[in-house]
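K.L.:
Take a look at this one; I'll ask things after.
Bear in mind these aren't lab numbers, they're just calculated from the coordinates by the rules spelled out. Everything numeric here is computed off the predicted structure, so don't read it as measured data. Cβ atoms come from the backbone with ideal geometry, glycine included; neighbour counts cover every protein chain shown.
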Amino acid sequence: MKLTLDAILQHCNSLAYEQEVREQARVLKARLLKLMSDYEAGVIDQKIYSTQEAEIMASLSKLTQQVNNKSKTQSFNTGLGL
């Protein structure tokens with residue numbers, strides 16, 4: 001019985017992690033889209049755009065590494081191609 005409960009708990013934790021990753025990726029994509037929109041509208045200059053784009057891309061890279069490390073021990077689908 002304990003193995004069943006442990007498996008259920010592990011599955012619930014996996015689902016929660018997947019949801020967290022999806023939300024983080026969604027936020028990063030929204031930030032990038034807003035940044036692009038602001039740049040195209042002339043609200044920000046090239047320097048600010050480059051700096052903020054690099055920060056967003058670094059965050060996305062870090063998230064991708066976390067997913068890759070986690071998927072080595074456990075498989076799941078984020079639905080985001082990460």
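K.L.:
Among all residue pairs at least 6 apart or on different chains, which show Cβ distances below 6 Å where the first residue, located in region 19-48, is assigned to a loop (DSSP other than H, G, I, E, B) and the second is surrounded by 11 or more Cβ atoms within 10 Å (Cβ to Cβ)?
P.N.:
Ile44/Asp38
K.L.:
When residues of region 52-69 are filtered for being over 13 Å from the mean Cα position of the chain (by Cα) and surrounded by 11 or more Cβ atoms within 10 Å (Cβ to Cβ), how many remain?
P.N.:
Initially, region 52-69 is screened for residues over 13 Å from the mean Cα position of the chain (by Cα), giving 52-55, 69.
Restricting the remaining residues to those that are surrounded by 11 or more Cβ atoms within 10 Å (Cβ to Cβ) gives 52-53, 55.
So the answer is 3.
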